[in-house]
Amino acid sequence: MSIKKVVVAGGGVLGSQIAYQSAFCGFDVTVWLRSEGSIERAKPKFERLLNIYLSTLEAMKTDKSAYCRGLSKTADLSDEEIDSLKEQAQKAFDSLTLTTSYEEAADDADLVIEAIAEDPNQKIAFYEELRKYLPEKTILVTNSSTLLPSMFAEHTGRPEKYLAFHFANNIWAQNTAEVMPHPGTKQEYFDAIVEFAEDINMVPIKVLKEQPGYVLNSLLVPFLSAGQALWANEVADPETIDLTWRLATGAPNGPFQILDVVGLVTAYNIVIMDPRSNDPETTQGKIAAKLKEKIDAGETGINAGKGFYEYG
C-alpha cells in the first residue's frame, strides 16, 4: 500500500510537527485548517520548526550530541550529507500546502491524520463532513492523546480503515509513534501505518488493543495530573514542583515544562472531560479554573511565548 499524499487536519503543536516531519521525509503534505485565521496562526509554527531543523542540523557538524533521531536514521553524517538534509528541511517548508477546503485537502489523499482539539463533538463534526469528500482508498487516523478510536469509527464512514496514530512532542527528537487499532480496524491498514511511521523516521509503538492513553499517556497523564494537583491545591508553585522532579530523578523536564510543550489548551480540554471539574471545590475544578485563567491571558505554552514559563 503506497502512501504519497498526506493530509494533516489541524495546525496545533503536534499537527504542525507531524505535517512538517512528513514533508521533511519527502511526502506531499497538505494541512487542513478551520479558518484563514487558523492558517495565519499556523505559519509561525512552521517557521519555528524550519529554524529548529536547520539549527539542529548545523550543530550536528561540530557536536554529535546534537543528533536527533527524527532527522536521520544514522548519526554518522558528513558535512555534505548534513547540508543535503538542510536543503531537505527548506524544501519541506516551501512545499507545504495550507487550505481550509475539505475538497482540496481530500483530493487523492492516501492518508489523513486528524490532529484537531481533544473535543469529541469537534472530531465527530470533522469526520462527518470529511467523509463526503474522501476517496475510497484513504486511510484515516487520529492523533488523539486520550480518546479511543472506537468512539468515532462509525462516524468516519470507513471504520475498517480508521485507527489511532499518536506522537510524542518534539517528534524530531522524541520519535515515537503509537499505532493503535480499534476492534474493527483491518490488519492491512494497521500494517500500512506502522510502515508509514518508519518512513517518516519514527519508531512505531504497536499498541495491540485499545487502551485509554495508549502507552505513553497512560504513563504521562497521571504524572502531569499529579503536578497540576500540587499546584491547584497550593502545595507548591510550578517552579518548585519542576525543580523537585528534575533534581530527584535526573529527568530533563518537570511536569510544567512538559505542559508548556503540550499546550495548556490541550491540558484544559483533558481535565474538563472529568465530570468532577464542574465542581470548583474539587481538585479537578481548581485545575480547570487555574488553566482557564492562564489561557484567557494568552499564556497557552511555548508556541505563545509564555505558559508557566516565558520563552524568547
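General observations
- Residue list for segment 201-224, restricted to those being in contact (Cβ under 8 Å) with a residue 12 or more places away in the chain and hydroxyl-bearing (Ser, Thr, Tyr): Tyr214
- Test result for Glu299, under 21 Å from the mean Cα position of the chain (by Cα) and in the same structural domain as Ser22 (by TED's automatic domain parsing): no
- Flag for Ala109 being part of a loop (DSSP other than H, G, I, E, B) and either out of contact with any Phe, Trp or Tyr (no Cβ under 6 Å at 6 or more places or on another chain) or not basic (Lys, Arg) (or both): yes
- Pair list, Cβ under 8 Å, 6 or more apart: segment 230-250 residue assigned by TED's automatic domain parsing to the domain that holds Lys290, other residue surrounded by 14 or more Cβ atoms within 10 Å (Cβ to Cβ) and of a type in the set (S, T, N, Q): Ala232/Thr283; Asn233/Thr283; Ala236/Thr244; Asp242/Gln257
- Residue count for segment 65-74 under the criterion of being surrounded by 15 or more Cβ atoms within 10 Å (Cβ to Cβ) and assigned to a loop (DSSP other than H, G, I, E, B): the result is 6.
- Residues of segment 84-135 satisfying the condition of being in contact (Cβ under 8 Å) with a residue 12 or more places away in the chain, acidic (Asp, Glu) and more than 23 Å from Ala177 (Cα to Cα): Glu103, Glu104, Asp107, Asp108, Glu128, Glu129
- Selection count, segment 180-208, where residues are in a strand (DSSP E or B) and touching a His at 6+ places or on another chain (Cβ under 9 Å): 2
- Qualifying residues in segment 117-167 (those that are buried (at least 23 other Cβ atoms within 10 Å of the Cβ) and touching an Asp or Glu at 6+ places or on another chain (Cβ under 6 Å)) - the one farthest from Glu104 (Cα to Cα): His166
- Scanning segment 121-148 for residues that are in a helix (DSSP H, G or I), among the aliphatic types (A, V, I, L, M) and in contact with a Leu (Cβ under 9 Å, 6 or more places away or on another chain) yields a single hit, Leu130.
- Conditions (1) of a type outside the set (A, V, I, L, M, F, W, C); (2) part of a helix (DSSP H, G or I); (3) out of contact with any strand residue (DSSP E or B) (no Cβ under 6 Å at 6 or more places or on another chain); (4) in contact (Cβ under 8 Å) with a residue 12 or more places away in the chain: number failed by Glu154: (4)
- Test: residue in segment 91-99 that is part of a loop (DSSP other than H, G, I, E, B) and farther than 23 Å from Leu50 by Cα: no
- The set of residues in segment 198-224 that are surrounded by 20 or more Cβ atoms within 10 Å (Cβ to Cβ), at pLDDT below 95 and within 30 Å of Leu57 (Cα to Cα) contains only Asn217.
- All conditions in (1) farther than 27 Å from Gly254 by Cα; (2) crowded, with 17+ Cβ neighbours inside 10 Å hold for Glu195, with the sole exception of (2).
- Gly263 being in contact with a Gly (Cβ under 6 Å, 6 or more places away or on another chain), touching a residue at least 60 places away in the same chain (Cβ under 8 Å) and either of a type outside the set (Val, Ile, Thr) or loosely packed, with under 15 Cβ neighbours inside 10 Å (or both): yes
- Scanning segment 240-274 for residues that are of a type outside the set (D, E, K, R), farther than 22 Å from Ile171 by Cβ and part of a helix (DSSP H, G or I) yields Thr240, Ile241, Leu243, Thr244, Trp245, Leu247, Ala248, Thr249, Tyr268, Val271.
- Of Thr62, Thr56, all but one fail to be out of contact with any Pro (no Cβ under 9 Å at 6 or more places or on another chain), loosely packed, with under 13 Cβ neighbours inside 10 Å and either assigned to a helix (DSSP H, G or I) or modelled with pLDDT of 95 or more (or both); the exception is Thr62.
- Per the listing Ile82, Ile52, the residue uniquely more than 18 Å from Ser22 (Cβ to Cβ) and among the aliphatic types (A, V, I, L, M) is Ile82.
The values are calculated or read from the model by the stated rules, or taken from the named source; none is laboratory data. The shown structure was predicted, so the numbers you read here are calculated from the model rather than taken from an experiment. Cβ atoms come from the backbone with ideal geometry, glycine included; neighbour counts cover every protein chain shown.
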